[in-house]
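Nothing in this text is a laboratory measurement; each read-out follows from the coordinates by a stated rule. Given the structure is predicted, the values throughout are model-derived calculations rather than measurements. Here the Cβ is made from the backbone with ideal geometry for all residues, glycine too, and neighbour counts use every protein chain on show.
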Amino acid sequence: MTLWLPRGFSADTETEVKRSRFLTRLARVDDEEAARAVVADVRSTYPDARHHCLAFIVDVPDAQPVERSSDDGEPAGTAGMPMLEVLRGSGVSNVVAVVTRYFGGVLLGTGGLVRAYSDAVATALAGVPRVRPEVRQLVGLEVPAADAGRIQGALMARGVDVVDASWASTVVLTLAVPDPDLIVGLVREVVQSGVELVPLGTEIVEVPVR
């Protein structure tokens, strides 16, 4: 099951290992350009730090996700890839993690660095909210203007998402549903007459995971 962070989510955490500080920025991103913008922002926030290690996973429609990582001057394989492995293991995609390190004067060794960078990302991920993307069908429902408010309220009270309303001499309500065939009876009951649901395409709805 694909999981994302909520749209616009960004959070900073800090861990410390033998006086070395590891500052982690975890953020939702929807493409590679956005991921690299987060990295650039972290670099500008901590310009005096020597290492800004990164890992990100971005979903691509009908293709494999884009995955990137960088050790940014740390010994090869001790930062970026361990960070990426933690992201993979979390099941979260459309996410970037940037870990900035301030050296504390004590060498950690390759094993210590792997653990420190992995733990920094794991700490950032702990307890963050997650959403599940679901594809919903969009359908249009034309109703009399005089009844539009009542019908919209009744549909929403029955769990139907009304995502838009276009007002004119009549009103077209846009509904987002998993399967239009499953709600025809419910809509007919609410409207109290025959109904025609006009296909309008699809959209992705982000459902909170509890």
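If each DSSP helix of 4+ residues adds -39,500 (n - 2.57) and the sum is divided by the residues in the chain, what number results at 222 nm, nearest 500 deg cm²/dmol? Show your work: numbers first, answer last.
Details: 5 runs with 63 residues, N = 210.
Estimated from H runs of four or more residues: -9500 deg cm²/dmol.
For GLN192, what charge total do you get from the other residues with a beta carbon under 15 Å from its beta carbon, if Lys and Arg give +1 and Asp and Glu give -1?
Spelling it out: positives minus negatives among the neighbours equals -1.
Can you tell me the order of 104-117, 78-91 when each peptide is scored by its average per-residue count of other Cβ atoms within 10 angstrom, highest first?
Going by the mean number of other Cβ atoms within 10 Å, highest first, we get 78-91, 104-117.
Taking 0.36 nm per residue of separation and subtracting the Cα-Cα distance, what length does fully extending GLU33 through ARG158 add? Working shown, then result.
Numbers: separation 125, 0.36 × 125 = 45.00 nm, distance 3.99 nm.
Length gained, GLU33 through ARG158: 41.0 nm.
Got the relative contact order for the chain handy, in percent, Cα pairs under 8 Å and 6 or more residues apart?
22 percent
Suppose every Lys and Arg Cβ carries +1 and every Asp and Glu Cβ carries -1, with no other charges. What dipole size does the chain come out with about its Cα centre, to the nearest 20 debye?
So the dipole magnitude of the chain works out to roughly 900 debye.
Got the relative contact order for segment 132-209 handy, in percent, Cα pairs under 8 Å and 6 or more residues apart?
Computed over segment 132-209, the figure is 49 percent.
Between segment 1-59 and segment 128-143, what's the alpha-carbon centroid distance in Å?
Centre-to-centre (Cα) distance: 28 Å.
Can you order the peptides 15-22, 193-200 by their average number of other Cβ atoms within 10 Å per residue, highest first?
The packing order, highest mean first, is 15-22, 193-200.
Hey, with R₀ at 25 Å, roughly what FRET efficiency would ALA76 and SER44 work out to, going by the Cβ-Cβ distance, to 0.05?
With a Förster radius of 25 Å, E is 0.45.
Can you give the extra length, in nm with one decimal, that the chain gains between ARG115 and VAL198 once fully stretched, where that is 0.36 nm per residue apart less the Cα-Cα distance?
Working: separation 83, 0.36 × 83 = 29.88 nm, distance 5.45 nm.
Answer, rounded to one decimal: 24.4 nm.
May I ask you to compute the full-extension gain from ASP59 to LEU186, defined as 0.36 nm times their residue separation minus their alpha-carbon distance, rounded to one decimal in nm? Each step should come with its number before you reach the end.
On the way: separation 127, 0.36 × 127 = 45.72 nm, distance 3.52 nm.
Between ASP59 and LEU186, full extension yields 42.2 nm more.
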